[in-house]
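What follows is a single structure, written as structure tokens, with notes after it.
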Amino acid sequence: MPAPAPTAAQLAAVETRLRALLDPYAATLEWATIYGFPTLRRAGAGAHDWFAFVKPAARHVSLLLLQLHTDAELRASLSPALARRLTGRSAFNFATLSDAEESELRGLLARAYAAYVPPA
């Protein structure tokens, strides 16, 4: 039997937690939009040179992280549990978000940011 669809409140809570994971990067990156969604990127970056964004949907919330598309080492570092959430090249889908997944995402974002914005 398939799992019941998440409620709007459950999805809103997941979205809030995922957006909070991006907060530490807002001070050094700029907000822009891609596909109509607020997106973090380097100042002045082109449309497809973005860092990360959160995209709500009807049955899940996605966290898109472009570094996963270009960095095989970063992709290989994913735990099996988080790798199962990966759809496509750079999108994780979550109807629920465990504390362990949130913690792993926090570390993953930090490593991705270090690669995206190398030290000066």
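Taking the criterion of being outside any helix (DSSP H, G or I) and either β-branched (Val, Ile, Thr) or more than 14 Å from the chain's Cα centre (by Cα) (or both), the residues of segment 87-109 that qualify are 87, 96, 98. Scanning segment 92-102 for residues that are crowded, with 16+ Cβ neighbours inside 10 Å and hydrophobic (A, V, I, L, M, F, W, C) gives 92, 94, 95, 97.
Of the helices (runs of 4 or more DSSP H) entirely within segment 1-86, those holding at least 2 residues that are among the charged types (D, E, K, R), surrounded by 11 or more Cβ atoms within 10 Å (Cβ to Cβ) and modelled with pLDDT of 95 or more occupy 8-22, 80-85.
Within the set of pairs 6 or more residues apart or between chains, which connect a residue that is in contact (Cβ under 8 Å) with a residue 40 or more places away in the chain and closer than 16 Å to residue 28 by Cβ inside segment 42-55 to a residue that is surrounded by 13 or more Cβ atoms within 10 Å (Cβ to Cβ) and of a type in the set (Ser, Thr, Tyr) with Cβ atoms less than 6 Å apart? Once the first residue is in contact (Cβ under 8 Å) with a residue 40 or more places away in the chain and closer than 16 Å to residue 28 by Cβ and sits in segment 42-55, its partners that are surrounded by 13 or more Cβ atoms within 10 Å (Cβ to Cβ) and of a type in the set (Ser, Thr, Tyr) give 51/116.
When residue 113 is tested against (1) free of Cβ contacts under 8 Å to residues at least 24 places away in the same chain; (2) in a helix (DSSP H, G or I), only condition (1) is not met. Kindly evaluate residue 91 against the criterion of being closer than 18 Å to residue 22 by Cα and at pLDDT 95 or above. Against the criterion (closer than 18 Å to residue 22 by Cα and at pLDDT 95 or above), residue 91 qualifies.
Against the test of being in contact with a Phe, Trp or Tyr (Cβ under 7 Å, 6 or more places away or on another chain) and basic (Lys, Arg), the options 85, 75, 59, 19 yield a single qualifying residue, 85. Looking at segment 23-36, is at least one residue more than 15 Å from residue 105 (Cβ to Cβ), free of Cβ contacts under 8 Å to residues at least 12 places away in the same chain and in contact with a Pro (Cβ under 9 Å, 6 or more places away or on another chain)? Within segment 23-36, one or more residues are more than 15 Å from residue 105 (Cβ to Cβ), free of Cβ contacts under 8 Å to residues at least 12 places away in the same chain and in contact with a Pro (Cβ under 9 Å, 6 or more places away or on another chain).
The values are calculated or read from the model by the stated rules, or taken from the named source; none is laboratory data. Everything numeric here is computed off the predicted structure, so don't read it as measured data. Cβ: placed from backbone, ideal geometry, glycine included. Neighbour counts: every protein chain shown.
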